[in-house]
Structure formats: C-alpha cells, structure tokens
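Participant: My questions will all concern the structure given below.
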Amino acid sequence: MQIHTVKKGDSLWALSQRYGVPLEHIFDANGLTDQSPIVIGQAIIIPTDSDTVTHKVLAGESLWIISQRYGVSMQELAKVNGIRNPAQISTGQVLTIPRAAKPIIEVNAYSEKMDEAGVKLVDEVGDYLTYISLFSYRVRIDGSMTPLNDAAVIAEAYDERVAPMMVITNFEGGTFSSDIAHAVLSNPAVQTNLIGNILQVMNTKGYKALNVDFEYVLPGDKQNYNDFLQRLVDALHPSGYLVSTALAPKVSADQPGTLYQGKDYEAHGRIADFVVIMTYEWGWSGGPPRAVAPLNEVVKVLNYAVTVIPPEKIMMGMPLYGYDWTLPYVQGGRWAPTVSPHEAVVRAAKYGADIRYDEEAQSPYYNYYDEEGKEHVVWFEDARSVQAKFDIVKSYKLRGVSYWVLGVSFPQNWFVLGENFTIKKLV
C-alpha cells in the first residue's frame, strides 16, 4: 500500500497507469467509483499485490534508519539485498524491502444501530472486528437497566466471528448523569442488583464481554468506582466474561474536571481486563474547530497512560467521523454537524476547496464558502491520519484500537487497518 496525495492534473485513471495498479483496485480500496470526484490534497490509497517494496537510499540514510522506517530488522534487509557490510550502502542504491509480519491486535467498534441497520454494519466490517459494543444498556438508580433490542445484531456478530460486548452507561436525558453513577457506586445493594441484571442479560443473550462507560463520575466516588469494578470482575470472571472500562483521555493522575477526577487509571488498568481510552473529541460539535483526534494530543494521553496501565491492556480510541463548523465560531451557537470522511471529500469537490494537512495534528482539513457566502472549516480523517495513528499503536505496542462509531462511511480506514494488522478473533 502507498498513499498518494492528489496534485493538480491527477486523475484516478492516470494514477492507475503511473503506479501500474488496476483502476478497480483503487476504487475498492478507497470506496470510489468512476463517477467519484477527486480533490487536490486528497489522500488516495494505491494498493499493491507485491510482498515487497523498494526504497532508494537518500543522502545520510543508514541501513538501520531504513530498517526502523519499514519495521524490518537490519539483518533481514542485509540478507535480502545481499549486503555483506551493513555500513556500506550508497546514496541512490535501490533496496528491496520485505514485508514485515503484521502485528496481531484487537479491534472494537461501538454501534448505536440495532435491528437491520445494525446487522448490515456488522456484515460490512465484521472481518475487521474483535468486538462489537452495543450502545447501550442505561443503568437506573435502583440497579435496573433499560432494555436493548440487540438480538439480531448479536446473532450477526457470531456469524462474523465478532464477540458481542455489552455496554452499560449512566446515560439519561441526552447526557451522562453523575447522580445515577453516585446512586450505583455508593450503594452496595444497588450494585448487587445491577450485577445480577448484567449476568442475566449476558447469559441470556450471549454476550462475551462487558464495557463499563460511566462518565462524569464525581471525585468522591473514585474509590467506590474502583471497588465496583472489582466486584464486577469477581462476579463475571468465573463465567469466562471479560470486563473493560471506557476512560476519558487524561494526561496526569490529578487532571482537574468532573470528566477526569472520578477515573483512576492505575486501578482500572489493574482491575479490568482492558480499557478503552476515548482519545477523540478534542474538536467536538459544540466546541471551537480543530482536529477530532489530533495526534499530538493523543500521544500526550498515551505517554501518561502507559506509566500506570500495561500497554497490552490499552485500546486507543479512534473516530470514524469529522465535523463541519460554520465560521466565525461562536461559543453556545450552532453546533457543527457530523460529516463522514467520504462526505467531507465530496463536499470539498462541490465547493472547489483544496484539502490541506496539519502535520502536528496529523489530520486533514479545508475551508469553503457555502451558497450564502458563509465560511466553513471541515476537519475529518483520511488514510494518512489513520496510518499515523496505527503507527502509534505499533510503537506503543498497544492491545488495539476502538472506534466511535459505526454508521459513517469511511472505506479507507478498513483497508488501511487490514494492511497494518492481523485482527484477533475470540469466537
């Protein structure tokens, strides 16, 4: 796989000729057709069937530097290219780079779609998933839960060898409720009732894992939350169920704010089987425009997380969407609508915008003016931005990635995911 950034004068047909790749393969990798517009600055995946790529040595490069870039050992590079002395390579020399073995990771995706819509989503991307997290069973203050019509999606998950993961939340009235979390976490009798209800659902419906997504937990309930997680693990492990939690993206143990103070990274990492760190929503619908998951911010979170949680227990959150903000941004004004990566490119073509790429955030964006003359800025994801995130997963040796949320069109993501990793299956 190569990622080509579209320049003036490019066409999909010309790219297929230049790279010697059938046009249909480019269509498939990018979710395009012969009617799809392309935009200056757009990232286009160029797939290859070859098990090797070539690299022309640049001035100052060593065999070690090249081996690190491609994730191949220096010894393997020397052997494949017949190099007896690794210190003696010359500028302009063309080296054959063997394909490295793909790391094995777990992949989770949240879905709010049930019935046939949810079934279709699992059918489309099930090959790339370890878990499907069905969002969500909403916990009440007495430990009961709102029902979820999830049977059809769970059945499809098993057909695709995807482990269904039950999600419980303190969600109520369009937001996460600190009061519901407190009612559960501060009362052992309510917890007993909730745990019994969880086990009944998991046993009856065939769930394989549980994800606890309690948000805006009060600082005073932090230890109560830890104790509740331990009770969950003690109750669910004998039946072979895994327990995970969703964590807000912290950069320090004492980070202020209700979103962060009730979450004890070290305890969650120690008690739970794994955690999902929600490394997205820096740019959010009601906030000022910026990348949804800027890599520089994601790395700050991971740098802290790996000091208190084993990397093999961390799933890095990734967004499958972007936002379209109307400018100037006004706090409390109109919220930015969600836009899929596919829609973002189509919109750029419609309004004649060139796509730019922020190197610090490792995210694409562009500005345009609508029919009313109002300026917009769109931040989204593309093949380059997800590749940058996958490189981080590899370098930190994380357990895997977790997507929010299925239901937006982003064919490039799944192709790049499959090129980088082997997806672990539990069913």
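Participant: Condition (residue is out of contact with any Lys or Arg (no Cβ under 8 Å at 6 or more places or on another chain), assigned to a strand (DSSP E or B) and surrounded by 15 or more Cβ atoms within 10 Å (Cβ to Cβ)) applied to region 181-192: is it met by at least one residue?
Facilitator: No, the conditions are met nowhere in region 181-192.
Participant: Checking the conditions here, which among Val401, Val386, Val416, Val377 is of a type in the set (Val, Ile, Thr), more than 18 Å from Glu281 (Cα to Cα) and in the same structural domain as Gly126 (by TED's automatic domain parsing)? Talk me through it step by step, then tell me what you get.
Facilitator: Working: Val401 fails: more than 18 Å from Glu281 (Cα to Cα); Val386 fails: more than 18 Å from Glu281 (Cα to Cα); Val377 fails: more than 18 Å from Glu281 (Cα to Cα).
After applying the criteria, what remains is Val416.
Participant: Every residue in region 297-310 that is outside any loop (DSSP other than H, G, I, E, B), more than 17 Å from Trp284 (Cβ to Cβ) and touching a residue at least 12 places away in the same chain (Cβ under 8 Å), please. Can you show your working first?
Facilitator: Within region 297-310, the first condition is being outside any loop (DSSP other than H, G, I, E, B), and the residues that meet it are 297-308.
Still in the list and also more than 17 Å from Trp284 (Cβ to Cβ): 299-300, 302-308.
Answer for region 297-310, where residues must be outside any loop (DSSP other than H, G, I, E, B), more than 17 Å from Trp284 (Cβ to Cβ) and touching a residue at least 12 places away in the same chain (Cβ under 8 Å): Val299, Lys300, Leu302, Asn303, Tyr304, Ala305, Val306, Val308.
Participant: Another question about this same structure. Name the residues in region 369-427 that are under 26 Å from Ala163 (Cα atoms), touching a strand residue (DSSP E or B) at 6+ places or on another chain (Cβ under 9 Å) and hydroxyl-bearing (Ser, Thr, Tyr), would you?
Facilitator: If the condition is that a residue be under 26 Å from Ala163 (Cα atoms), touching a strand residue (DSSP E or B) at 6+ places or on another chain (Cβ under 9 Å) and hydroxyl-bearing (Ser, Thr, Tyr), then Tyr396, Ser402, Tyr403, Thr422 are the ones that fit.
Participant: Could we say that Ala109 is out of contact with any strand residue (DSSP E or B) (no Cβ under 7 Å at 6 or more places or on another chain) and either on the phi > 0 side of the Ramachandran plot or among the hydrophobic types (A, V, I, L, M, F, W, C) (or both) here?
Facilitator: no
Participant: From Arg84, Arg18, Arg69, which residue is at pLDDT below 90 and not assigned by TED's automatic domain parsing to the domain that holds Gln362?
Facilitator: Numbers: Arg84 fails: at pLDDT below 90; Arg18 fails: at pLDDT below 90.
Residue meeting the stated conditions: Arg69.
Participant: Identify the residue in region 381-399 that is in contact (Cβ under 8 Å) with a residue 60 or more places away in the chain and over 16 Å from Phe415 (Cα atoms) and, among all such residues, is surrounded by the fewest Cβ atoms within 10 Å (Cβ to Cβ).
Facilitator: So the residue we want is Lys397.
Participant: Just checking, does region 123-141 include any residue being of a type in the set (Gly, Ala, Ser), surrounded by 13 or more Cβ atoms within 10 Å (Cβ to Cβ), over 22 Å from Ser244 (Cα atoms) and modelled with pLDDT of 95 or more? Step through it out loud before you land on a result.
Facilitator: Of region 123-141, the ones of a type in the set (Gly, Ala, Ser) are 126, 133, 136.
Those left that are additionally surrounded by 13 or more Cβ atoms within 10 Å (Cβ to Cβ): 126, 133, 136.
If we keep only those that are over 22 Å from Ser244 (Cα atoms) too, we end up with none.
For region 123-141, residues of a type in the set (Gly, Ala, Ser), surrounded by 13 or more Cβ atoms within 10 Å (Cβ to Cβ), over 22 Å from Ser244 (Cα atoms) and modelled with pLDDT of 95 or more: absent.
Participant: May I ask you to verify whether Ala109 is surrounded by fewer than 21 Cβ atoms within 10 Å (Cβ to Cβ) and assigned by TED's automatic domain parsing to the domain that holds Leu210? Can you show your working first?
Facilitator: On the way: surrounded by fewer than 21 Cβ atoms within 10 Å (Cβ to Cβ): no; assigned by TED's automatic domain parsing to the domain that holds Leu210: yes.
Criteria not met by Ala109.
Participant: Here's a follow-up. Any residue in region 404-427 that is closer than 19 Å to Ala209 by Cα sitting within a Cβ distance under 7 Å of a residue that is among the polar types (S, T, N, Q) and in a loop (DSSP other than H, G, I, E, B)? List the pairs, counting only those 6 or more apart or interchain.
Facilitator: Ile423/Thr130; Lys424/Thr130; Lys425/Thr130; Leu426/Thr130
Participant: Only one of these is farther than 30 Å from Glu312 by Cβ and surrounded by 15 or more Cβ atoms within 10 Å (Cβ to Cβ): Gly82, Gly9, Gly20, Gly41. Name it.
Facilitator: Working: Gly82 fails: surrounded by 15 or more Cβ atoms within 10 Å (Cβ to Cβ); Gly9 fails: surrounded by 15 or more Cβ atoms within 10 Å (Cβ to Cβ); Gly20 fails: surrounded by 15 or more Cβ atoms within 10 Å (Cβ to Cβ).
The unique qualifying residue is Gly41.
Participant: Let me ask you something else. Would you check which residues across region 353-382 are among the aliphatic types (A, V, I, L, M) and touching a helix residue (DSSP H, G or I) at 6+ places or on another chain (Cβ under 7 Å) and list them? Give the steps one after another, and end with the answer.
Facilitator: Taking region 353-382 first, the residues among the aliphatic types (A, V, I, L, M) are 353, 355, 361, 377-378.
Selection gives Ile355, Ala361, Val378.
Participant: Anything in region 409-422 that is among the β-branched types (Val, Ile, Thr) and crowded, with 19+ Cβ neighbours inside 10 Å? List them, or say none. First the steps, then the outcome.
Facilitator: First, pick out the residues of region 409-422 that are among the β-branched types (Val, Ile, Thr): 416, 422.
Of everything in region 409-422, just one residue is among the β-branched types (Val, Ile, Thr) and crowded, with 19+ Cβ neighbours inside 10 Å, namely Val416.
Participant: Another question, then. Working carefully through the options Tyr241, Tyr280, find the one that is without any contact (Cβ under 8 Å) to a residue 40 or more places away in the chain, hydroxyl-bearing (Ser, Thr, Tyr) and buried (at least 17 other Cβ atoms within 10 Å of the Cβ).
Facilitator: On the way: Tyr280 fails: without any contact (Cβ under 8 Å) to a residue 40 or more places away in the chain.
Being without any contact (Cβ under 8 Å) to a residue 40 or more places away in the chain, hydroxyl-bearing (Ser, Thr, Tyr) and buried (at least 17 other Cβ atoms within 10 Å of the Cβ) holds for just one of Tyr241, Tyr280, which is Tyr241.
The values are calculated or read from the model by the stated rules, or taken from the named source; none is laboratory data. Given the structure is predicted, the values throughout are model-derived calculations rather than measurements. Every residue, glycine among them, receives a Cβ derived from its backbone with ideal geometry; neighbour counts consider all protein chains shown.
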